[in-house]
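Structure record follows, encoded as structure tokens.
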Amino acid sequence: MEFALPAYASRQSSSLPKFLAPEVVNQVIAACPTDNAGLRDKAVLLFLARLGLRAGDIVGLRLIDVDWTNTRILLETY
């Protein structure tokens, strides 16, 4: 009997790279403008690339989640 859905997800045909080279990441970060929106975008990219945060982690961040004195970020786990 054939099934309509594959038994497991197959990413072999995916055209997305598994990772970006550090030089490419640096180029993307450096390409952010220096206006407010660009600084926000740069911060998001740094969180993604350098700290390995997920998009959902970043979306949920608030200023009170940043401990500037001890250089820590509080992440809520669900």
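Only the coordinates and a few stated rules stand behind these numbers; no lab work does. None of these values were measured; they are calculated from a predicted model. All Cβ positions, glycine included, derive from the backbone under ideal geometry; neighbour counts span all protein chains shown.
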(message) Net charge within 15 Å of VAL28 by Cβ-Cβ distance, Lys/Arg positive one each and Asp/Glu negative one each, not counting VAL28 itself?
(response) +1
(message) Counting only other residues whose beta carbon sits under 11 Å from that of ASP57, what net charge do I get with K and R as +1, D and E as -1?
(response) -1
(message) Show me, for region 40-48, the HN-Hα J-couplings you get by feeding each phi into the Karplus relation (A = 6.51, B = -1.76, C = 1.60, θ = phi - 60°), rounded to Hz, glycine and proline as x.
(response) 4, 4, 5, 4, 4, 4, 5, 4, 5
(request) Tell me which residues come under 5 Å, amide H to amide H, from ILE73 once H is placed; ignore anything under 5 positions away on its chain. (result) ASP67
(request) Take each of the peptides 42-53, 17-28, average the number of other beta-carbon atoms within 10 Å over its residues, and list them starting from the highest. (result) 42-53, 17-28
